[in-house]
1. Given the options Asp4, Asp8, Asp22, name the one that is free of Cβ contacts under 8 Å to residues at least 24 places away in the same chain and not small (Gly, Ala, Ser).
2. Tally time: how many residues in segment 3-47 are assigned to a loop (DSSP other than H, G, I, E, B) and of a type in the set (Lys, Arg)?
3. Of all residues being more than 11 Å from the chain's Cα centre (by Cα) and of a type in the set (S, T, N, Q) in segment 25-47, which is nearest to Asp1 (Cα to Cα)? Just the residue, please.
4. Among (1) at pLDDT 95 or above; (2) exposed (fewer than 10 other Cβ atoms within 10 Å of the Cβ), which single condition is Asn45 missing?
5. Kindly indicate whether Asn36 is surrounded by 11 or more Cβ atoms within 10 Å (Cβ to Cβ) and either at pLDDT below 95 or at negative phi (or both).
Amino acid sequence: DALDIVHDAICKALSKINTLKDTDNIKPWFYKILINTTTDYIRKNKK
């Protein structure tokens with residue numbers, strides 16, 4: 001599950017890399033994508 005989330009986040013980041021305006025902010029930008037991807041996963045798999 002964790003690897004799936006990371007994989008999805010990397011794919012999303014790579015597909016949206018052109019929206020990154022300042023490469024100095026790549027870490028927080030990617031962390032936000034990872035957090036959002038994790039949140040989406042949790043919502044989808046809530047029981």
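The values are calculated or read from the model by the stated rules, or taken from the named source; none is laboratory data. No experiment lies behind these values; they were computed from the predicted model shown. Virtual Cβ from ideal backbone geometry, glycine too; neighbours counted across all protein chains shown.
1. Working: Asp4 fails: free of Cβ contacts under 8 Å to residues at least 24 places away in the same chain; Asp8 fails: free of Cβ contacts under 8 Å to residues at least 24 places away in the same chain.
Exactly one of Asp4, Asp8, Asp22 is free of Cβ contacts under 8 Å to residues at least 24 places away in the same chain and not small (Gly, Ala, Ser), namely Asp22.
2. Qualifying residue count for the region: 4.
3. Result: Asn45.
4. (1)
5. The answer is yes for Asn36.
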